[in-house]
Amino acid sequence: MEEIKKLEDRINYSFKDKKLIIEALTHKSYKQPYNNERLEFLGDAVLDLIVGQYLYERFPKHDEGKLSKMRASLVNEDGFTRLAIHIGLGDQLFLSNAEENNGGRTKPSLLSNAFEAIIGALYLEAGLDAAKYVSIKLLEEVHPDISLDSLFKDYKTTLQEMTQALFGTTPEYKLVGSQGPDHKKEFEIAVVVDAKEYARASGKSKKVAQQEAAAIAIDKLNRGES
């Protein structure tokens, strides 16, 4: 329960029904009578509405095309994975040993789904306003200067700019390993800056894994971690 308390502190909400948050954190591999798939389904719909309303109100001069493009860049696996990384969600998941050994705690699909499930659980317990408060707070922490330009600037470019400014060097991306059959392979990538590893992440392609590793490294640098 201590780990769940850490997560609640990060989202600034304490669940009254602990079964809800436990269900939201439970991957199907954990082999319980419940898992987070139904909450994920609900959370996806709730987040779509919350982000749509947020963009509508924040950008009154943007037309439907621009708003749709911005929402699409936020309401997807990459966008939710970024928010999940920000709150350290991977460390809190309930996974089977096999899934954990396969890098489950850094898999974008698992992180994204769990984040959606948490918002779904929050919506069920406390309603739309509470889900909106938590979601928008995290969104603005991860995207403090949200705009069309900032949303479509990839994490690798951002990390390169940060490391050049901080250390006078650029990051390297190293393939650590790969798992799974050829048609469904997962790649694990480490990002190294000045001979020091800052992050690792897995993805369905090397490009996706590089982006996710860069996102984790950016978050660490923003937090002042080394």
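Rounded to the nearest whole Hz, the Karplus-based 3J(HN,Hα) values (6.51 cos²θ - 1.76 cosθ + 1.60, θ = phi - 60°) of the stretch 77-88 follow the sequence 4, 4, x, 6, 4, 4, 5, 5, 4, 4, 9, x, with x at glycine and proline.
Each residue of the stretch 177-187 is assigned a 3J(HN,Hα), and the resulting list reads x, 8, 9, x, x, 4, 7, 8, 7, 10, 10 Hz, derived from the Karplus form 6.51 cos²θ - 1.76 cosθ + 1.60 (θ = phi - 60°), x at Gly and Pro. In terms of its alpha-carbon gyration tensor, the stretch 155-222 comes out prolate; a/c meets the 1.5 threshold, and the first ratio a/b outweighs b/c. The amide H of T26, built 1.01 Å from its N in the peptide plane, has N36, F94 as neighbours under 5 Å, considering only residues 5 or more places off or on other chains.
Computed on the Cα atoms alone, the convex hull of the stretch 86-161 gives a volume of 117 cubic angstrom per residue. Straight Cα distances below 16 angstrom link K207 to the lysines K107, K153, K156, K174, K184, K185, with same-chain residues fewer than 8 positions distant left out.
With contacts taken as Cα pairs under 8 Å and at least 6 residues apart, the chain reaches a relative contact order of 19 percent. Normalised size of the stretch 19-154, defined as Cα radius of gyration per 2.2 N^0.38 Å with N residues, equals 1.07. Assuming charge only on the beta carbon of Lys and Arg (+1) and of Asp and Glu (-1), the dipole of the chain about its Cα centre is about 240 debye to the nearest 20.
The residue among F80, S135, Q53 whose Cα reaches farthest toward the positive pole of the charge dipole of the chain, with charges on the beta-carbon of Lys, Arg, Asp and Glu, is F80. The overall shape of the stretch 1-58 is oblate: from the C-alpha gyration tensor, with semi-axes ordered a ≥ b ≥ c, the ratio a/c is 1.5 or greater and a/b is no larger than b/c. Between the stretch 78-122 and the stretch 188-226, the alpha-carbon centres lie 16 Å apart. Each of K220, K5, K156 has some number of other Cβ atoms within 10 Å of its Cβ, and from fewest to most they run K5, K220, K156.
We did not get these values from a lab; they are worked out from the coordinates using the rules stated. Because the structure is a prediction, the values reported are computed rather than measured. All Cβ positions, even for glycine, are placed from backbone atoms using ideal geometry, and neighbour counts span all protein chains on display.
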